[in-house]
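Report on the structure given below.
The values are calculated or read from the model by the stated rules, or taken from the named source; none is laboratory data. Keep in mind that this is a model prediction, so the values were computed, not measured. Backbone-built Cβ (ideal geometry, glycine too); neighbour counts: all protein chains shown. Accessible surface areas use protein heavy atoms only, side chains included; no ligands, DNA or RNA. Shrake-Rupley method; radii C 1.70, N 1.55, O 1.52, S 1.80 Å.
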Amino acid sequence: MRPHGLKGDVVVDLVSNRAERSMPGSVFMTDDGELRIESSRPFGRRWIVTFAGVTGIDAAERLRDRVLRAEPIDDPSVLWVHELIGSAVISHDDGRQLGTVRAVVANPISDLLELDEGGLVPLRCVVDHSPGRIVFEIPIGLLDL
């Protein structure tokens, strides 16, 4: 973070794909305590944020280089890498097990799940999931050798 203007606003790099992180009322923790967003607006790839109780450039300057942390957002639709590894991959079409996830490979279009048999399945093909089980709608020919 760094000050922006004289009123106490700060420029913040929010590393999140969740829009609610930048909404008024969102709470962040720092090593020095809690900060609550009063208002925010996009600023290029960053945000200009007004935090409750931060008024004036001196108060904003005291926030310089602070790291913001937030509680996880509970969202059952979110897939976490550590939960995917070791999960059975099931075909949506016929219910057969296609393998087990060995690794998650970063890919610009869609992360790929590497199966224990060597196949790669785009994460965007997931249609359902539960602990230890991922159901995919596999495009025809994707896993054919």
Which FRET efficiency, nearest 0.05, do LYS7 and VAL105 yield, Cβ-Cβ r, R0 41 Å? 0.35
The correct ranking of HIS92, HIS4 by accessible area at 1.4 Å, largest first, is HIS92, HIS4
Net charge near LEU113, counting Lys/Arg +1 and Asp/Glu -1 over other residues with Cβ under 14 Å of its Cβ? -3
Relative contact order of region 9-70, defined on C-alpha pairs under 8 angstrom at six or more residues apart (%): 38 percent
Portion, in percent, of the accessible area of region 40-139 that falls on carbon or sulfur, probe 1.4 Å: 51 percent
With the 1.4 Å probe rolled over protein heavy atoms, the chain has an accessible area per residue in Å² of 66 Å²
Would you mind giving the three semi-axes, in whole Å and largest first, of the ellipsoid equivalent to region 1-65 according to its Cα gyration tensor? 17, 13, 11
For the chain, what is the relative contact order in percent, using Cα pairs closer than 8 Å and at least 6 residues apart in sequence? 17 percent
Computed from the beta carbon distance with a Förster radius of 30 Å, FRET efficiency for LEU120 and MET23 to the nearest 0.05 stands at 0.25
Local electrostatic count, SER22, Cβ distance below 14 Å [Lys/Arg +1, Asp/Glu -1]: +2
With viscosity set to 1.567 mPa s at 4 °C, what whole-number translational diffusion coefficient in µm²/s follows for region 15-145 from Stokes-Einstein and a Kirkwood radius over Cα pairs? 72 µm²/s
Summed over the other residues with a beta carbon less than 13 angstrom from that of GLN97, with K and R at +1 and D and E at -1, the charge totals -2
Taking the full set of protein chains and a 1.4 angstrom probe, give the accessible area of ASP74 in square angstrom, rounded to the nearest 10. 150 Å²
Roughly how many nanometres apart are two label points built 7 Å out from the Cα toward the Cβ at ILE57 and VAL81? 4.1 nm
